[in-house]
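The values are calculated or read from the model by the stated rules, or taken from the named source; none is laboratory data. No experiment lies behind these values; they were computed from the predicted model shown. Glycine also receives a Cβ, built like all others from the backbone with ideal geometry; neighbour counts cover every protein chain displayed.
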Amino acid sequence: MCDLKFGKVERPILDDKFVLLRKELFEKLADEKFLYVLSTHDKGNLSKSYFYLIVDKLREAGLLMENAISFSAVLPFKASNEGIWFTDGLLYRKGKELFYINMESDKLTCSSCPIYSQCIYAIKTIAKDRDIPLIKENPMEEWKLIIDSLKKEFGEKVASLKILSFK
């Protein structure tokens, strides 16, 4: 089961970084308003104050910089006094397309999915972009393979993590 969303980026692209995002904020990205603000600089039917509140949250999270998209992949994590670990989700940008999946949500199931073909398109697009061979027959297993590959890639490439001030 999952929650799957798509978006088209109208903002300029500034960077291709991997971003780690606390699970609670990652889940807010599934809200159409957050995904809309992330995708475009047009306020649409949102109030100016609410639009800029969301923009500020996206900037603080490292997803926007100078009103431009500043990531290629976002991996959610949980933190507690026991440690930090990844959760099963991904926000991925390929060119001007955004793909969001939260595999811990129960909104959609493969057997009755109304966006099955878009799901397969997203899987193939990301797998091709990251050179991930697809070997599973089930979309949920393919998503898990993609997310695990990105976690592994992040783990291999990370040299340090900068944490915001504890004050």
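From the list PHE51, PHE18, the lone residue that is of a type in the set (Phe, Trp, Tyr) and within 28 Å of GLU141 (Cβ to Cβ) is PHE18. The residues listed here are ILE163, ILE123, ILE132; of these, the one that is β-branched (Val, Ile, Thr), in a loop (DSSP other than H, G, I, E, B) and farther than 16 Å from VAL19 by Cα is ILE132.
What residue, among those in the range 31-49 that are outside any loop (DSSP other than H, G, I, E, B) and hydrophobic (A, V, I, L, M, F, W, C), is farthest from ILE13 (Cα to Cα)? Across the range 31-49, the extreme among qualifying residues is PHE34. Scanning the range 1-30 for residues that are part of a helix (DSSP H, G or I) and either of a type in the set (S, T, N, Q) or free of Cβ contacts under 8 Å to residues at least 60 places away in the same chain (or both) yields GLU24, LEU25, LYS28.
Rundown of residues vs (1) farther than 26 Å from ARG11 by Cβ; (2) hydroxyl-bearing (Ser, Thr, Tyr), yes/no style:
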position	(1), (2)
SER70	no, yes
LEU75	no, no
SER105	no, yes
SER111	yes, yes
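The set of residues from the range 50-76 being aliphatic (A, V, I, L, M), modelled with pLDDT of 95 or more and outside any loop (DSSP other than H, G, I, E, B) comprises LEU53, ILE54, VAL55, LEU58, LEU64, ALA68, ILE69, ALA73, VAL74, LEU75. A single member of LYS162, LYS152 is exposed (fewer than 10 other Cβ atoms within 10 Å of the Cβ), modelled with pLDDT under 95 and either in contact with a strand residue (DSSP E or B) (Cβ under 6 Å, 6 or more places away or on another chain) or under 18 Å from PHE71 (Cα atoms) (or both), and it is LYS162.
Answer yes or no: is there a residue in the range 120-140 that is aliphatic (A, V, I, L, M), touching a residue at least 24 places away in the same chain (Cβ under 8 Å) and more than 18 Å from GLY7 (Cα to Cα). Within the range 120-140, one or more residues are aliphatic (A, V, I, L, M), touching a residue at least 24 places away in the same chain (Cβ under 8 Å) and more than 18 Å from GLY7 (Cα to Cα). Condition (residue is loosely packed, with under 14 Cβ neighbours inside 10 Å, among the polar types (S, T, N, Q) and either over 21 Å from GLY7 (Cβ atoms) or in contact with a strand residue (DSSP E or B) (Cβ under 9 Å, 6 or more places away or on another chain) (or both)) applied to the range 83-101: is it met by at least one residue? For the range 83-101, residues loosely packed, with under 14 Cβ neighbours inside 10 Å, among the polar types (S, T, N, Q) and either over 21 Å from GLY7 (Cβ atoms) or in contact with a strand residue (DSSP E or B) (Cβ under 9 Å, 6 or more places away or on another chain) (or both): absent.
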